[in-house]
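See structure below.
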Amino acid sequence: MQNPTVMPGKIDAYVDCVSPYSYYATLYLRKNRKALESHGIEVEFHPVFLGGINVGSGNKPPWTLPAKADYSKFDSERACRYFGVPPIKTPEFFPILSIMPQRCMIYIKKQFSQEKFETTFLALWEWMFYKSIDISKPEQLAKLFQSNGYSDSEIKQIFEAASSPEYKQALTANTQTALDKGAYGAPWFWVRNSEGKEEPFFGSDRFAFMWQYLGLPFQDVAIVEKSRL
């Protein structure tokens, strides 16, 4: 069970395993969590249903718009280089219906440690984009959980919970919370600074804006002038 420590600042990250940019953002925030905590900033990840956010906001996913789809091929490669991960391989079955994996993650978040929850979440992206395994299929999702150290009885409990009214509603509630906070995609961030003010941020390439809002010291991207010697 997680027992979050109350901190003066917080980043609530609303993410879905169907979103590659949620993967990059999750990796980046975890990498920088120690530094953020040193400044009193808590990071919490919330599973949401991106399909519901798109419908609720009137947005359309990039792969449904030819111009966005063409551009995303370039942007994805650049993002992978920047975040230091192998190039994403879009599987033939993509996009998946992420409802069941996301419900499972809400249960895992509630019942297991923060580290277990987050590393399992990362495994969802890794299995889908690097192993080309359709994690929306229960049998494949069960194998993923097994490979991440869950017992047979725990896996059974995870799936039973994910199919229950409680966790169906929990995913709906998380998604609605994101929508209420202005979400039109993922990753979506709701950030509270030390003054108690709150603002939204979108995407995995707005962290410099976020650090400025939080009043954090950081090193921005800078061009190194070419030597004249």
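The Cα center of segment 13-86 and the Cα center of segment 192-229 differ in position by 17 Å.
Wrap a convex hull around the Cα atoms of segment 30-107, take a quarter of its surface area, and give that in square nanometres.
Details: hull surface 29.9 nm².
That works out to 7.5 nm², a quarter of the Cα hull's surface.
Taking label positions 7 Å along the Cα-Cβ direction at both Ala69 and Tyr130, the computed distance is 2.7 nm, reported to one decimal. The lysines whose alpha-carbon is closer than 23 Å to the alpha-carbon of Lys116, local same-chain residues fewer than 8 away aside, are Lys10, Lys31, Lys34, Lys131, Lys137, Lys143, Lys156, Lys168.
Label sites at Ser164 and Phe93, each approximated as a point 7 angstrom past Cα along Cα to Cβ, lie 2.7 nm apart. Note that segment 116-229 carries a Kirkwood radius of 17.9 Å, evaluated over its alpha carbons pair by pair. Within the listed set Lys109, Lys168, Lys197, the residue fluctuating most in the Gaussian network model of the chain (springs between alpha-carbon atoms under 10 angstrom) is Lys197. Taking R0 as 30 Å, what's the FRET efficiency between Gln212 and Ser147 from their Cβ-Cβ distance, rounded to 0.05? Efficiency for this residue pair is about 0.15.
Here the Karplus curve 6.51 cos²θ - 1.76 cosθ + 1.60, taken at θ = phi - 60°, turns the phi angles of segment 172-178 into couplings of 4, 5, 4, 5, 5, 4, 4 Hz, with x standing for Gly and Pro.
Estimated from helices alone, the mean residue ellipticity of the chain at 222 nm is -16000 deg cm²/dmol (sum of -39500 (n - 2.57) over DSSP H runs with n ≥ 4, per residue).
Does a label point 7 Å from the Cα of Gln111, set along Cα-to-beta-carbon, have any residues of segment 153-174 with amide nitrogen under 16 Å, and which are they? Output list for this probe position: 153-171.
For segment 107-124, 3J(HN,Hα) computed residue by residue from phi via the Karplus equation (6.51, -1.76, 1.60; θ = phi - 60°) reads 5, 4, 4, 6, 9, 10, 5, 4, 5, 4, 4, 6, 5, 5, 4, 4, 5, 4 Hz, glycine and proline entered as x.
Per-residue 3J(HN,Hα) values for segment 130-138, derived from phi via the Karplus relation 6.51 cos²θ - 1.76 cosθ + 1.60 with θ = phi - 60°, read 10, 10, 6, 10, 7, 6, 7, 7, x Hz in sequence order (x marks Gly and Pro). Ordered from longest to shortest, the equivalent ellipsoid semi-axes for the chain are 28, 22, 18 Å, each the square root of 5 times a Cα gyration tensor eigenvalue. Heavy atoms only, probe 1.4 Å: what % of the accessible area of the chain goes to carbon and sulfur, would you let me know? Here it works out to 54 percent. For the pair Phe83 and Gln157 in one chain, pulling the backbone fully straight at 0.36 nm per residue adds 23.2 nm over the alpha carbon distance. Distance between the 7 Å Cα→Cβ label points at Ala35 and Glu225: 2.5 nm.
Expressed to the nearest 5 percent, the antiparallel share of DSSP beta bridges inside the chain is 60 percent. Probing with 1.4 Å while keeping every protein chain in the model, the per residue accessible area of the chain equals 54 Å².
The values are calculated or read from the model by the stated rules, or taken from the named source; none is laboratory data. If you're wondering where the values come from, they're calculated on a predicted model, not measured in any experiment. Glycine also receives a Cβ, built like all others from the backbone with ideal geometry; neighbour counts cover every protein chain displayed. Only protein heavy atoms, including side chains, enter the accessible area calculation; ligands, DNA and RNA are left aside. Shrake-Rupley method; radii C 1.70, N 1.55, O 1.52, S 1.80 Å.
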